[in-house]
Every structure is written in C-alpha cells, then in structure tokens.
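See structure below.
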Amino acid sequence: MAGIILGFASQSIVGNFIAGIFLIIEKPIKIGDQVNIDDITGFVEDIRVISTTIRTYDGLYVRIPNQTVFTTKMVNYVGNIVRRFEYMVGIRYSDNADKAIDIIHDVIKQYPFALKRPKPLVYVDNLGDNSVNIMVRIWAPVSEWYELKQIVLWKIKTTLEQAGIEIAFPQRTLWFANDLKNKNVDSG
C-alpha cells in the first residue's frame, strides 16, 4: 500500500519537476510579471523547479504546482511592451457624435504615452437603447497602461461635459393609452 501511495506522490513530483524545467527553458513568465494562472491573478514572486509562487493583488501568496502552471491557460499581462485599453462612451442622441469624436481625439493627443502607432481608434460603434455609443481604443506602454487608462477616461468625461455633450444614462418614457388620459375620475 505504501508503495502505491509513494508511486502516485512521486508521479506528481516528477510531473511538476518536468513542467518546471519546461517553464525555465521556455520562459513564458518571469519574476515580477503580472499574470493570471488557473484563475489566480497577481505578480510572479518566485519560479522554482516544483512550483511557482504568485502574490495576489490582495497580498496573498499562492503556490501553484508547475504542472498546473504549464498545462492551464496562462495570461501574462505584461508580456508585451504595449497594451491596449478601450472604453465605450455613450452620448445622448441629441449630441453631435462627430464633435464628440473630435474632442476625444484631441484629449488623447494630450498624453504622450497614448501611442501614435498603433493609432488610437475612435468611432461610433453602435446605436444603443439610450445612447450613441462611441468606441475608444488606445495603445500604451505596459508600464503606463493602467494609470493612463484611468486619467484619459476622466479627462474625456470632463472635456465632453465642458463642450455641452452629456454622457447618456438609461431612460424610459411611459405612454398611457388615450382613453386613460381623457377619463375623469370622480372622487366623491
């Protein structure tokens, strides 16, 4: 019985060891990378032969067996030097979409970390229930991506408002049948 248990345990260790060797050779991640591995998101803290340690954004340390690291879907958020972010900006139907697009382009030009190549894209994506939806796609260096994403969104909002273009919000119009509108209710 002990031999069977030892056989299964060593099989797992050997699998993790071999996966660790492949991780070290292939280098899909490195220490400091922001990753999502097996639904664990955070920073790679350590890569060893048997396991990899991730520090989550909440500060927890999670040890993941290398066989899991090697065989599951892995997202490396900083593996490329640039990264794209996008917003959907909904404006009222009564506002001028061409003017809004020009304003958004002007806002983007104010930020040197908003890359010129690939160029930013700003266009009407769809006509929603409550708004004309403008898609905004911007590329930035991965080191500046998150901060730029926050700053540009707020600047787009405030600049559109200063120009009299409002961000739309869901609205409903209620229509009552004509006979209800004309009916007199006697209260007493």
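The values are calculated or read from the model by the stated rules, or taken from the named source; none is laboratory data. On a predicted model such as this, the values are computed, not experimentally measured, just so you know. Methodologically, a virtual Cβ is constructed for each residue, glycine included, from the backbone with ideal geometry; neighbour enumeration extends over all protein chains shown.
Miscellaneous remarks
For (1) buried (at least 19 other Cβ atoms within 10 Å of the Cβ); (2) at pLDDT 95 or above; (3) of a type in the set (Val, Ile, Thr); (4) not in a loop (DSSP other than H, G, I, E, B), each residue gets a yes or a no:
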| position | (1), (2), (3), (4) |
| --- | --- |
| Asn130 | no, no, no, no |
| Ile134 | yes, yes, yes, yes |
| Ser143 | no, no, no, no |
| Lys155 | no, yes, no, yes |
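- Some residue of region 155-175 being under 20 Å from the mean Cα position of the chain (by Cα) and of a type in the set (A, V, I, L, M): yes
- Qualifying residue in region 36-46 (condition: in contact with a helix residue (DSSP H, G or I) (Cβ under 7 Å, 6 or more places away or on another chain) and not assigned by TED's automatic domain parsing to the domain that holds Leu121): yes
- Residues in region 133-156 that are more than 18 Å from Lys116 (Cα to Cα) and free of Cβ contacts under 8 Å to residues at least 12 places away in the same chain: 2 in all.
- Top-ranked residue in region 89-118 [being within 23 Å of the chain's Cα centre (by Cα) and among the aromatic types (Phe, Trp, Tyr); ranked as farthest from Pro170 (Cα to Cα)]: Phe113
- A single member of Gln110, Gln162, Gln171 is modelled with pLDDT of 95 or more and surrounded by fewer than 11 Cβ atoms within 10 Å (Cβ to Cβ), and it is Gln162.
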